[in-house]
1. Within region A:215-222, is even one residue more than 23 Å from residue A:284 (Cβ to Cβ) and surrounded by fewer than 20 Cβ atoms within 10 Å (Cβ to Cβ)?
2. Which of the numbered conditions does residue A:292 fail, given that it passes all the others? Conditions: (1) within 18 Å of residue A:199 (Cα to Cα); (2) within 14 Å of chain B (Cβ to nearest Cβ); (3) surrounded by fewer than 21 Cβ atoms within 10 Å (Cβ to Cβ).
3. Please state which one of B:312, B:304, B:326 is within 19 Å of residue B:279 (Cα to Cα) and touching a residue at least 40 places away in the same chain (Cβ under 8 Å).
4. With the requirement that a residue be more than 16 Å from the chain's Cα centre (by Cα), part of a loop (DSSP other than H, G, I, E, B) and within 21 Å of residue B:225 (Cβ to Cβ), what does region B:96-130 give you?
5. Would you say residue A:301 is within 30 Å of residue A:199 (Cα to Cα), more than 24 Å from the chain's Cα centre (by Cα) and surrounded by fewer than 18 Cβ atoms within 10 Å (Cβ to Cβ)?
6. Considering only residues that are at positive phi and within 11 Å of chain A (Cβ to nearest Cβ), look in region B:1-31 and name the one that is surrounded by the fewest Cβ atoms within 10 Å (Cβ to Cβ).
7. For region B:346-360, enumerate the residues that are surrounded by fewer than 19 Cβ atoms within 10 Å (Cβ to Cβ) and at pLDDT below 90.
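The values are calculated or read from the model by the stated rules, or taken from the named source; none is laboratory data. Note that the structure is a prediction, hence the values are computed from the model and not measured. So basically every Cβ, Gly included, is an ideal-geometry build from the backbone, and we count neighbours across all protein chains shown.
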């Protein structure tokens, strides 16, 4: 992500808009291309040299924010490492100890003092079993600008191949692990990421975010949870108007903030919202509005409005939730395709607000006449997962929730107190008609037939 | 009622309607309060009319389950066996009498850190020390390690500047504290905030808000703010419990030293480049009527550099010229001579940029401290300088506001910024004569006929009004 000083946006009255760049514009494509080449050419070289080369590009260029911003995103794909034969701290500590007995160490020696510096360096080098040059260079090899670029995207510096392979990648900007399926770095990739990053940077000062989504609920809410945001959730219809029940919902509106937002407008969660943003372009249809706190350089703060939606042409580098959580679910869906029933199986169609958590039942089952149940499968998992799942099911407390539970699990009908007749026990696979039978019994009228 | 720490707040589950300081959180269907109200909420829950204790059935809340507190008690004795000065003792007593809350105003150089050490030992709980800069963080780390290090199994923790290590006593910067306080706000019983006048800001004030620490201590030399925002500190940390005026201490700790100014010429090559670059800058500025001697004149110039390519070039020209002057080759020759003269003294060499500090470190094999030096190594180098294991030290601008480094009797400034305040503080703090016969000495090496000459003039006028300029 961009650092705050590289953000670019325009404020007009009470709205704020990122200054997106046109990724097809030649000038930007050339800059992106040039930067990528610079990074590739500096594999194995010190970070300081890389940065100096980038700085050269911005000397008479007022677009330096764009250039430095693009470079920052490329740096996020890099790994820099200290390359030295002996721990640099150890080298310099020995040097200083030795030197302290040998002062004055000077450049323009008078008689008798002229070999002091060389003596200090070479005696430490000998003691450590390294060359004089290694000793001199290794002394500060751990300085940020002396660290070597050992990996850029998928490309690894030859000499450092082993080292880079054994280390794990954690991106400090909070990009999620699964997002690190970095594609080959191209100008297109970079310019697309850049526009997303500009939007993220506006959110650093956000106090509240309101999103509306009409698909990919599981993906969206897993990222809400991943980035530690709190939510209020409202079912909405296709026009974005709130409706009474999730059974009648086409989509969901979620108001996102954090624990302390209850007491005052806090921009503390802005970084989390910025991290969350790339989850939205994973939806086919989405809208986002955020309140941005603006100091405006003066003592008065005002709240600006920032809006984005699926027409803004942003794209995500985050991973979408895979279609099915388990084989049991996939198999059921395949069987359903082939089965002859008026009931339709719809994947993760409901978002149940349980306060601190949400529950997304695996399926909804809808009849064309408007009847509807929601359907959760409790398959094979760890005891903790099972406990959490059971708690959620009890808390959801929905009359039209039916559950399929594996007989291999260590639970009994007592665990489903009060709803045990809505439980379907299964051994290895779930039969479509067993589910349909339960649906017939517990479905409610959710919408009127068309 | 169950209290728990939740992302920088207190979640109050099954709390009665009347619970004070709390608001209903419809998102989770429980009451929630700011973490800073931990102490009064506990007090309210455990002693309804000020007398009754938790054990008795008349308490406001039948049962209180406290999962919020994650900090520990311990007993520490500061290993520095210095007698507290009278005003430090008075300040400590005043703070204790105020329920171990509130701010203490002491002039710079009067041992604020020492007072904090006493307060930490007195409170006997895990402590978070929050300071404005990484430099100060390093300095506090050194002092606290000195005082308590051997009594803490994991040493003194550091959060910030690339370190992320939480211990029973942890030092952090305002920025890192703001970033992480929602994670660690339950782990400390005492919150110490240095230079507390910086705290009233929408972001930073969330640091005290998001910690449950029942004990709080603010420290500063300049409590009052022009915008009046210091009044908010009372809610965040407590009232001012002690104040010592500047002149009551003046003279006592200031040391005598003599200053020697040395000028060096730029090499021919440096001179050519310097003149070229400086000219680019001058031409641009002269052709645009900036009133640079006024504060907003320079701001205007900077603003222009963000959209005018020539302006951007002029800004870079200025930076390049300044850098040539700062790192002039012949400064090293002069330094060379000084080191020959003073190799038996305790010498600190100042530079204004990291690169130059490292160059000197490699060239003269001198230990070096910059912004990049990790806290542990910095503490180690300073400790070795203190004990005499190292007699020389090179450093870039790390000796800012309120820092107390081991004394030296020779200081060499190779370059510095024009900030008068910074300059005065730097000098006063480090130089002490090693014996009575010879005064401490400060050399300032500047490049002739450059902007540095001007800056140096400005600087001396700031330090002493009667300087012979």
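1. Residues of region A:215-222 that are more than 23 Å from residue A:284 (Cβ to Cβ), as a first pass: none.
Looking through region A:215-222, none of the residues is more than 23 Å from residue A:284 (Cβ to Cβ) and surrounded by fewer than 20 Cβ atoms within 10 Å (Cβ to Cβ).
2. (3)
3. Just one listed residue meets the conditions, B:326.
4. Matches in region B:96-130: B:101, B:102.
5. So residue A:301 passes the test.
6. Restricting to residues being at positive phi and within 11 Å of chain A (Cβ to nearest Cβ), the top hit is B:29.
7. B:352, B:353, B:355
Yes or no, residue by residue, for (1) surrounded by fewer than 24 Cβ atoms within 10 Å (Cβ to Cβ); (2) closer than 23 Å to residue B:117 by Cα:
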| site | (1), (2) |
| --- | --- |
| B:184 | yes, yes |
| B:195 | yes, yes |
| B:198 | yes, yes |
| B:207 | no, yes |
| B:211 | no, yes |
| B:214 | yes, yes |
| B:221 | yes, yes |
| B:224 | yes, no |
